[in-house]
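Enquirer: This is the structure, below, for whatever I ask next.
The values are calculated or read from the model by the stated rules, or taken from the named source; none is laboratory data. Quick caveat: nothing in here was measured; it's all calculated off a predicted structure. Cβ sites come from the backbone with ideal geometry, for glycine too, and all protein chains shown count toward neighbours. The accessibility values were calculated without ligands, DNA or RNA, using every heavy atom of the protein model including side chains. Shrake-Rupley method; radii C 1.70, N 1.55, O 1.52, S 1.80 Å.
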Amino acid sequence: MGYVDEVLAKVKEKNASEPEFLQAVEEVLESLRPVIEANEELYKKNAILERITEPDRQIMFRVPWVDDNGQVQVNRGFRVQFNNAIGPYKGGLRLHPSVNLSIIKFLGFEQVFKNSLTTLPIGGGKGGSDFDPKGKSDREIMAFCQSFMTELYKYIGADTDVPAGDIGTGAREIGFLFGQYKRIRGLYEGVLTGKGLTYGGSLARTQATGYGLCYFTNELLREHGMSFDGMTTVISGSGNVAIYACEKAQTLGAKVVALSDSNGYIYDRDGIKLDVVKQIKEVERGRISEYAKRVPGSVYTEGCSGIWSIKCDIALPCATQNEICAESAALLVKNGVKAVCEGANMPSTPEAIETFLKSGVFFGPAKAANAGGVATSGLEMSQNSLRLSWTFEEVDEKLCGIMKNIYKNASEAAKEFGMEGNLVAGANIAGFMKVADAMLWQGI
Ligand code: NDP
């Protein structure tokens with residue numbers, strides 16, 4: 001048995017009850033085969049694969065808080081510090097009822113490679129809770145965030161571990177978390193990113209993941225003699241990533257015709273009116289179904305996976321993991337999709353990715369395509385350390401440069417190892433090599 005298979009078997013045995021984590025590890029290790037085989041003796045002797053698939057530490061804790069009826073509620077909190085070979089742990093906090101250790105570990109593992117790809121000095125981690133912010137009052141959100149940070153603060157710091165937002169954790173939650181950290185530590189430091197602009201946040205961080213996704217997609221299209229101009233585009237989700245992907249895609253000339261949330265999707269053949277979406281989602285925190293009530297000619301359909309039956313040139317999945325299954329991928333291909341780039345983390349199942357790659361669809365994997373968020377978080381950390389702020393244009397320009405570089409590095413790594421055009425392999429290889437090299441230099 002080769003080294004990769006040996007480690008895969010061990011990881012499966014040790015983490016049998018963690019399907020999302022196993023899915024992520026399998027996907028990465030499979031694509032690293034050519035690199036590992038070329039240096040098998042060195043990597044095996046130093047147990048690089050065993051070490052890279054085992055988090056440095058995983059922290060789980062109780063989060064008690066009091067709801068508006070005076071009832072005590074208890075949630076579970078997580079922080080998985082995966083790998084800090086190239087910099088402090090960095091990765092978001094997800095607040096969603098589906099959160100469990102497997103999901104946080106998969107996200108933390110992917111984050112290691114993604115952060116490496118950004119070319120910035122940041123390691124990988126992830127955290128969150130099974131708390132559901134939906135329908136909670138601001139006071140309840142604050143109570144939860146304060147309790148969560150009362151435990152988390154022991155493990156994080158500006159040079160140790162710098163969490164950020166993710167699903168369910170936006171500006172409001174980051175504010176409450178930062179306030180509590182500052183109170184307990186008596187320290188004003190850049191311990192979180194995605195902060196408000198009045199207290200150390202970076203301009204363009206809100207837009208960064210969505211904009212970055214479009215900069216990356218644009219590079220991919222450009223290399224194949226295309227652009228967003230006139231392209232019918234479908235975007236899933238209607239949260240932070242989806243909204244700003246829609247905004248940039250429209251600026252670059254795309255016609256975005258659909259968005260969704262976890263209940264269903266809207267189709268507007270005249271092109272999505274983003275101001276209406278922002279009002280519903282960012283101001284009213286309402287459902288996407290509202291859009292169809294407000295915009296004549298648009299249609300709302302219950303159930304979110306149907307969005308992939310809409311004919312489009314470009315698909316940007318920006319909602320959640322495993323939202324494109326094999327059947328949805330086959331439908332997209334049948335309807336002539338040219339490019340699929342992932343804004344969400346692991347939105348395509350392995351079968352869906354295989355369908356895209358086999359059909360010649362240009363495919364941008366999440367860890368490269370959505371790295372703009374964490375890259376701009378890295379830029380927020382730099383600004384905090386320098387104690388100054390860059391303008392929106394300065395940050396946006398740096399973001400655009402980083403996304404172009406990520407595309408170039410992933411594309412060149414794929415070519416170097418004989419898999420030209422396979423950005424899944426290219427992103428994993430480019431991300432892995434830097435981290436593995438740092439681990440080798442640092443010893444065990
Ligand atoms: P938000 O919470 O702002 O939005 C998530 C969106 O996805 C909402 O519209 C939500 O609908 C929808 N959604 C959630 N679960 C499902 C589901 N099971 N089926 C269909 N739709 C669903 O999160 P973000 O926009 O920040 O994150 C979206 C994705 O992008 C995640 O995978 C995240 O990890 C990833 N990402 C985010 C980054 C960032 O900077 N924000 C950076 C890199 C990656 P509803 O309102 O009904 O829940």
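Enquirer: List the lysines whose Cα sits under 16 Å from the Cα of residue 90, skipping any in the same chain fewer than 8 residues away.
Expert: By straight Cα distance, residue 90 reaches 105, 114, 126, 154, 195, 367.
Enquirer: Could you derive backbone 3J(HN,Hα) for segment 82-91 from the dihedral phi with the Karplus parameters 6.51, -1.76 and 1.60 (θ = phi - 60°), listing whole Hz in sequence and x where the residue is Gly or Pro?
Expert: Calculated HN-Hα couplings, in order: 7, 7, 10, 5, 10, x, x, 4, 8, x Hz.
Enquirer: Can you pull the percent of segment 169-283's accessible area that's carbon plus sulfur, 1.4 Å probe, other chains left in place?
Expert: Of all accessible area on segment 169-283, carbon and sulfur atoms account for 49 percent.
Enquirer: Which residues' amide hydrogens lie under 5 Å from the amide hydrogen of residue 73, considering only partners 5 or more residues apart or on another chain, with H built in the peptide plane?
Expert: For residue 73, the qualifying residues are 65, 66, 67.
Enquirer: Taking all protein chains in place and a 1.4 Å probe, what share, in percent, of the accessible surface of segment 45-92 do carbon and sulfur account for?
Expert: Carbon and sulfur atoms account for 42 percent of the accessible area of segment 45-92.
Enquirer: Please give me the summed charge of the neighbours of residue 14: other residues whose Cβ is under 12 Å from its Cβ, Lys and Arg +1, Asp and Glu -1.
Expert: Local net charge: -1.
Enquirer: In nm, give the distance between the simple-model label positions of residue 278 and residue 158, each being 7 Å from the Cα along the Cα-to-Cβ direction.
Expert: If labels sit at residue 278 and residue 158, their model points lie 3.2 nm apart.
Enquirer: By DSSP, what percent of the beta bridges with both residues in the chain are antiparallel, rounded to the nearest 5?
Expert: 55 percent
Enquirer: Quick check for me: using +1 on Lys/Arg Cβ and -1 on Asp/Glu Cβ, what's the dipole size of segment 294-436 about its Cα centre, in debye to the nearest 20?
Expert: Computed charge dipole of segment 294-436: roughly 100 debye.
Enquirer: How large is the dipole of the chain about the Cα centre if only Lys and Arg carry +1 and Asp and Glu carry -1, each at its Cβ, rounded to the nearest 20 debye?
Expert: Dipole of the chain, to the nearest 20 debye: 860 debye.
Enquirer: Please list 3J(HN,Hα) in residue order for segment 61-73, calculated via the Karplus relation 6.51 cos²θ - 1.76 cosθ + 1.60 where θ = phi - 60°; whole Hz, with x for glycine and proline.
Expert: 8, 7, 10, x, 8, 10, 7, 5, 9, x, 7, 7, 10
Enquirer: Same structure, new question: Give me the 1.4 Å probe accessible area per residue for segment 69-120, excluding ligands and nucleic acids, in Å².
Expert: Per-residue accessible area for segment 69-120 comes out at 27 Å².
Enquirer: Now for a different question. In segment 351-420, what percent of the accessible surface is made up of carbon and sulfur (1.4 Å probe, ligands and nucleic acids excluded)?
Expert: Carbon and sulfur together cover 49 percent of it.
Enquirer: Amide H of residue 80: which non-local residues (sequence gap of 5 or more, or other chain) have their own amide H closer than 5 Å, using H built in the peptide plane?
Expert: Amide H to amide H, under 5 Å and 5 or more residues apart or across chains, residue 80 pairs with 59, 126, 127.
Enquirer: Accessible area per residue of segment 305-444 at 1.4 Å probe, in Å²?
Expert: So segment 305-444 comes to 40 Å² accessible per residue, rounded to a whole number.
Enquirer: Taking θ as phi - 60°, what are the ³J(HN,Hα) couplings along segment 352-358 by the Karplus curve (6.51, -1.76, 1.60), each to the nearest whole Hz, with x for Gly and Pro?
Expert: 5, 4, 4, 4, 5, 5, 5
Enquirer: Quick query: amide H of residue 324 versus all other amide H atoms, modeled in the peptide plane; which residues come in under 5 Å with a sequence gap of 5 or more or a different chain?
Expert: Those lying under 5 Å, H to H, from residue 324 are 348, 349.
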